[in-house]
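J.: Starting off with a structure, shown below.
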């Protein structure tokens, strides 16, 4: 028991000396509170604006640099620092972001010009239009068979009327004629129908051509009685047709040949 008491006494003495030394240190440095530069007190955990000139820091106290110029970060193009003056982990450049150039605009597609009018559709440029020709032939019928009319054969010629107008001659064939027989020549001044080369059908037209201003030359097939349709035995007949200044065409030569009884035609209303 005497040994135990002695040991406990030594422990008590040691604790007393430690506490006394700590109290003496506090008295020498102040009351355990750090002094601010202006002489005020700084509590534990408080951060001062500058480095204290006296006193001690309490545990956990953080003191930033004494002076950080407000413009130091902005002038370098960065924003923000941490409390001890080191650059933060995430920095952002100041100023306006770079402008992305706009995509160039594609040039406008050129507009397509209107298609020029076909000469055949204009009476002033190439004579009568196809529509006028078809209409005149559709109205021309056989007297005894009004259901039979005429269609363009594709043979045509155009000449000047001696002035600014055009004259056109077009060969028409009886509709439904497999052998091409039963033909009539239609005359036009501009887009106006002015007459036929006769009021009966002819056996056939071998050739149609312009022969100067206001004139056409037509060569007709000439059959003898009993000739087959393939083989006319008589010489062709050539007739010149001349423009009469608004009064139609007058023939020079003839007459127009035909086979058998002439087939009369008329203009249907």
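The values are calculated or read from the model by the stated rules, or taken from the named source; none is laboratory data. Computed from a prediction, not measured in an experiment: that's the story for all the values here. Don't worry about glycine lacking a Cβ; one is built from the backbone with ideal geometry, like all the others, and counts go over all protein chains shown.
J.: With respect to residue 237, determine if the residue is part of a strand (DSSP E or B) and under 24 Å from residue 268 (Cβ atoms).
T.: So residue 237 fails the test.
J.: Looking only at strands (runs of 3 or more DSSP E) that lie completely in the range 166-227, which have at least 2 residues being out of contact with any helix residue (DSSP H, G or I) (no Cβ under 9 Å at 6 or more places or on another chain) and within 16 Å of residue 141 (Cα to Cα)?
T.: Qualifying strands (runs of 3 or more DSSP E): 166-174, 183-189, 192-196.
J.: Mind checking which pairs have a first residue in the range 210-225 that is at positive phi and surrounded by fewer than 18 Cβ atoms within 10 Å (Cβ to Cβ) and a second that is modelled with pLDDT of 95 or more and part of a strand (DSSP E or B), Cβ under 9 Å, 6 or more apart or different chains?
T.: Listed by first residue and then by second, the contacts come to 212/159; 212/160.
J.: Right, another one. Which numbered condition in (1) closer than 16 Å to residue 220 by Cα; (2) surrounded by fewer than 19 Cβ atoms within 10 Å (Cβ to Cβ); (3) in contact with a strand residue (DSSP E or B) (Cβ under 6 Å, 6 or more places away or on another chain) is the only one that residue 197 fails?
T.: (2)
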